[in-house]
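K.L.:
Just dropping this structure here.
The values are calculated or read from the model by the stated rules, or taken from the named source; none is laboratory data. Note that this is a predicted model, so its numbers are computed, not measured. Methodologically, a virtual Cβ is constructed for each residue, glycine included, from the backbone with ideal geometry; neighbour enumeration extends over all protein chains shown. Accessible surface areas use protein heavy atoms only, side chains included; no ligands, DNA or RNA. Shrake-Rupley method; radii C 1.70, N 1.55, O 1.52, S 1.80 Å.
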Amino acid sequence: MKKAFGRGAVVLGIVAGALVAAPSAGAEIGSALGVPCAEQGDGVRFCGSSSPRSTTPAWDGTPIDVNIAFPPEPPSGPDGNFPLVMMFHGYGGGKLGFASMDRWLDRGYATFSMTARGFRESCGSAASRTAGGAACDDGYVRLIDNRFEVRDAQEFAGQLADEGAGLIDPQRIGAIGGSYGGGMSMALGALKNRKVLPDGSVVPWTSPAGKPMQIAATAPNIPWTDLAYSLVPNGSTLDYVADAPYRGPVGVMKQSLVEGLYLSGLSAPGFYAPEGTDPSADLIGWRNRLNQGEPYGADAQGIVDEITRNHSSYYIDPSIPPAPMLMSSGFTDDLFPVDETIRYYNRTKTTYPDADLALLFGDFGHPRSVNDKTDVRDDLRAREEAWFDHYIKGEGAEPEQGATSYTQTCPSDAPSGGPYSAPSWAASAPGEVRFRDEGEQTIAADSTTGGQFNPVGSDACTTAPADDRAGAAVYRLDAAPAGGYTLLGAGTVIARYEVGSDTSQIAARLLDVAPDGT
């Protein structure tokens, strides 16, 4: 028998509102980022709104919808200098509210969340654009551009560090989020104490008053690190090499997933730049060009170059080690699979062997994940809290690093396999299962099998008949030995191909054949 991989997590985004009791006369913090605060029943100060919005201008004037919260006023001493957790939503989502922030407020952290520019009340809805006027003209979605969405979060944190006597500690800041928010958290951790200006230059991150700022820890969940590769892969990434950038020809788009994201962003509601008006954020033009298919020329390569240069943490200047990162990814996630964090982990640990990095993998994330494994969900939550407490507040023992894997099990509500822990990703798989065949086979279209495993409409426990399919080259390994074995890591196919076109791309699937022939 062969096990695959497992865990449970939040995917695209949660929009949670909160509101507010009458303000307490004793609460010292009356506002933050220009947003009024009100004391809740438990003494927490919440600064924000769920309707219609609580916006504040970003560094370029774009109105951004924000929520901020602070723990109860201390019985003595200054009311401020709190450690801060910045919380980021998924694609098409919105700022997180008081209910989601409570987890961190109860542990003594201040919290911040924003709706990324271009979505919902950050110039995404028609009402917010009317309210924002000309300030929303360039407030469209930029796909976590280091120069825009990432800088927005950094500048807001800097303002909080300057307000009053300093509402937050500029050296004790964490970032957490899933999917789109995971991409944001990766970028903030990779930059650490730097920020990127509109011209692409990297400079020290300071508050408006000149205080040095830094990210102390991050916990990105189901993120990307190379957005172009995750959406338009070409097979050039291997999980056992030190450096795995996007190299070679433009690949093939994950059409059903990309199309779903594109439409969900518009319906959020979201604001995309008019086609052709901004080459750094041309979501409409990029999607239309990739949908045309091959042959790809300089136009398609330009899309890859833009997305790697400004929207992907793997390509952020690695001249300093990143902030401590607890990265979690899903083995069964077809959008941002484990490749995305393994790529960053391998390169960083090769360059900085002592960097504080941990990986946690399971059956969770975007489709085809089942997101029904409470064991791995609970473990991740506990690890996130221990990670932040240690690296941000300096409390608790040093957390476990290396790689931990929960393996896939079916049915979807069965407990995960494992966990299996190792000091590094490479050490997770001490051996290999190899198969060699000298025979020649012909590959044609294999749409029937491909359709059955389309991540839209199936999940990680979907089955199909295991019969050979016309048009597919099928190679069958021997049955697993008694007791089975557990496979971790990506399968690698090395072959000699004769292809009829230089735009051909071959996809391989490793499937577990059960005793019942599925």
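K.L.:
Does at least one position in segment 175-185 carry a residue that is open to solvent by 10 Å² or more (accessible area, probe 1.4 Å) and in contact with a Lys or Arg (Cβ under 8 Å, 6 or more places away or on another chain)?
P.N.:
Within segment 175-185, not a single residue is open to solvent by 10 Å² or more (accessible area, probe 1.4 Å) and in contact with a Lys or Arg (Cβ under 8 Å, 6 or more places away or on another chain).
K.L.:
Same structure again: Can you pull out every residue in segment 125-137 that is surrounded by 19 or more Cβ atoms within 10 Å (Cβ to Cβ) and part of a loop (DSSP other than H, G, I, E, B)?
P.N.:
SER125
K.L.:
Kindly list the number of the only condition in (1) touching a residue at least 40 places away in the same chain (Cβ under 8 Å); (2) closer than 24 Å to LEU488 by Cβ; (3) out of contact with any Asp or Glu (no Cβ under 9 Å at 6 or more places or on another chain) that fails for PRO353.
P.N.:
(1)
K.L.:
Now a separate question. Taking the condition of being buried (at least 23 other Cβ atoms within 10 Å of the Cβ) and part of a loop (DSSP other than H, G, I, E, B), how many residues in segment 98-124 meet it?
P.N.:
5
K.L.:
Counting just the residues of segment 145-174 that are among the aliphatic types (A, V, I, L, M) and closer than 19 Å to THR56 by Cα, which one comes out most open to solvent (accessible area, probe 1.4 Å)? Break it down stepwise before answering.
P.N.:
First, the residues of segment 145-174 that are among the aliphatic types (A, V, I, L, M): 150, 153, 157, 160-161, 165, 167-168, 173.
When the remaining residues are screened for being closer than 19 Å to THR56 by Cα, the result is 150, 153, 157, 160-161, 167-168.
Values: VAL150: 0, ALA153: 0, ALA157: 1, LEU160: 1, ALA161: 0, LEU167: 17, ILE168: 1 Å².
That would be LEU167.
K.L.:
Which one is surrounded by the most Cβ atoms within 10 Å (Cβ to Cβ), of the residues in segment 340-362 that are touching a Phe, Trp or Tyr at 6+ places or on another chain (Cβ under 8 Å) and either modelled with pLDDT under 95 or of a type in the set (Lys, Arg) (or both)?
P.N.:
Of everything passing the filter in segment 340-362, ARG343 is surrounded by the most Cβ atoms within 10 Å (Cβ to Cβ).
K.L.:
In addition: Can you tell me which residue within segment 250-298, out of those that are aromatic (Phe, Trp, Tyr) and assigned to a helix (DSSP H, G or I), is nearest to ASN454 (Cα to Cα)?
P.N.:
Taking segment 250-298 as the starting set, the residues that turn out to be aromatic (Phe, Trp, Tyr) are 262, 271-272, 286, 296.
From what's left, assigned to a helix (DSSP H, G or I): 262, 286.
Numbers: TYR262: 17, TRP286: 23 Å.
The residue in question is TYR262.
K.L.:
Further question: Search segment 207-258 for residues being of a type in the set (Asp, Glu) and crowded, with 18+ Cβ neighbours inside 10 Å, and hand back the single one that is farthest from GLY178 (Cα to Cα). First the steps, then the outcome.
P.N.:
Kept after step one, since they are of a type in the set (Asp, Glu), are these residues of segment 207-258: 226, 239, 243.
Subset that is crowded, with 18+ Cβ neighbours inside 10 Å: 226, 239.
On the way: ASP226: 15, ASP239: 22 Å.
For segment 207-258, the residue satisfying everything is ASP239.
K.L.:
Taking ARG496, is it part of a loop (DSSP other than H, G, I, E, B), modelled with pLDDT of 85 or more and within 30 Å of VAL250 (Cα to Cα)?
P.N.:
So ARG496 passes the test.
K.L.:
Restricting segment 120-142 to residues that are without any contact (Cβ under 8 Å) to a residue 40 or more places away in the chain and not acidic (Asp, Glu), which is nearest to LEU261 (Cα to Cα)?
P.N.:
Initially, segment 120-142 is screened for residues without any contact (Cβ under 8 Å) to a residue 40 or more places away in the chain, giving 130, 133-134, 137.
From what's left, not acidic (Asp, Glu): 130, 133-134.
Values: THR130: 25, GLY133: 27, ALA134: 27 Å.
Only one residue tops the list, namely THR130.
K.L.:
Only one residue in SER458, SER421, SER412 is surrounded by 10 or more Cβ atoms within 10 Å (Cβ to Cβ), touching a Gly at 6+ places or on another chain (Cβ under 8 Å) and of a type outside the set (D, E, K, R), so which one is that? Walk me through how you get there before you give the answer.
P.N.:
Working: SER458 fails: touching a Gly at 6+ places or on another chain (Cβ under 8 Å); SER412 fails: touching a Gly at 6+ places or on another chain (Cβ under 8 Å).
None of the other options fit; the residue is SER421.
K.L.:
For segment 48-86, enumerate the residues that are touching a Gly at 6+ places or on another chain (Cβ under 6 Å) and either open to solvent by 30 Å² or more (accessible area, probe 1.4 Å) or not in a loop (DSSP other than H, G, I, E, B) (or both). So that I can check it myself, show each step before the final result.
P.N.:
The initial filter retains those residues of segment 48-86 that are touching a Gly at 6+ places or on another chain (Cβ under 6 Å), namely 50, 54, 56, 62-63, 67, 71-72, 80-81, 85.
Residues satisfying the conditions are SER50, THR56, PRO63, ASN67, PRO72, ASN81, VAL85.
K.L.:
Enumerate the strands (runs of 3 or more DSSP E) found wholly within segment 143-244, keeping only those where 3 or more residues are touching a strand residue (DSSP E or B) at 6+ places or on another chain (Cβ under 8 Å) and without any contact (Cβ under 8 Å) to a residue 40 or more places away in the chain. Working first, answer last.
P.N.:
Numbers: elements: 168-178, 194-196, 202-204, 215-221.
So the answer is none; nothing clears 3.
K.L.:
Can you spot a residue in segment 482-491 that is part of a loop (DSSP other than H, G, I, E, B) and more than 34 Å from the chain's Cα centre (by Cα)? Step through it out loud before you land on a result.
P.N.:
Let us first name the residues in segment 482-491 that are part of a loop (DSSP other than H, G, I, E, B), namely 482-484, 487-491.
Next, only the ones that are more than 34 Å from the chain's Cα centre (by Cα) stay: 482-483.
Yes, segment 482-491 contains at least one residue that is part of a loop (DSSP other than H, G, I, E, B) and more than 34 Å from the chain's Cα centre (by Cα).
K.L.:
Starting from segment 493-509, keep only residues that are over 19 Å from GLY439 (Cα atoms), then list their pairs with residues that are open to solvent by less than 90 Å² (accessible area, probe 1.4 Å) and at pLDDT below 80 whose Cβ atoms are within a distance under 9 Å, requiring at least 6 positions of separation or different chains.
P.N.:
none
K.L.:
I'd like to verify a number: residues in segment 36-47 that are open to solvent by less than 50 Å² (accessible area, probe 1.4 Å) and either closer than 17 Å to SER100 by Cβ or part of a loop (DSSP other than H, G, I, E, B) (or both), how many?
P.N.:
Count: 6.
K.L.:
Do we find that ALA472 is open to solvent by 60 Å² or more (accessible area, probe 1.4 Å) and over 18 Å from ASP363 (Cα atoms) in this structure? Don't jump to the end; show me each part of the working.
P.N.:
Details: open to solvent by 60 Å² or more (accessible area, probe 1.4 Å): no; over 18 Å from ASP363 (Cα atoms): yes.
When the stated conditions are applied, ALA472 does not pass them.
K.L.:
Looking at (1) under 21 Å from the mean Cα position of the chain (by Cα); (2) of a type in the set (Ser, Thr, Tyr); (3) over 25 Å from ARG343 (Cα atoms), find the lone condition where TYR296 falls short.
P.N.:
(1)
K.L.:
Name the single residue, out of those in segment 433-443 being farther than 25 Å from THR486 by Cα and surrounded by 10 or more Cβ atoms within 10 Å (Cβ to Cβ), that is modelled with the lowest pLDDT. Lay out the reasoning, then the answer.
P.N.:
We begin by selecting, within segment 433-443, every residue farther than 25 Å from THR486 by Cα; these are 438-443.
Still in the running and surrounded by 10 or more Cβ atoms within 10 Å (Cβ to Cβ): 441, 443.
Details: GLN441: 91, ILE443: 88.
Among those residues, the one meeting the criterion is ILE443.
K.L.:
Please go through segment 378-401 and pick out each residue that is surrounded by 15 or more Cβ atoms within 10 Å (Cβ to Cβ) and either under 19 Å from the mean Cα position of the chain (by Cα) or of a type in the set (Ser, Thr, Tyr) (or both).
P.N.:
ASP379, LEU380, ARG383, GLU384, GLU385, TRP387, PHE388, TYR391
K.L.:
Give the residue that is farthest from PRO198 (Cα to Cα), with candidates limited to residues of segment 298-317 that are touching a Phe, Trp or Tyr at 6+ places or on another chain (Cβ under 8 Å) and surrounded by fewer than 20 Cβ atoms within 10 Å (Cβ to Cβ).
P.N.:
Once the filter is applied, the top-ranked residue is THR308.
K.L.:
If you take just the strands (runs of 3 or more DSSP E) that sit entirely in segment 343-453, which of them hold at least 3 residues that are farther than 20 Å from LEU238 by Cα? Talk me through it step by step, then tell me what you get.
P.N.:
Working: elements: 357-362, 402-407, 417-422.
Here the list reads 417-422.
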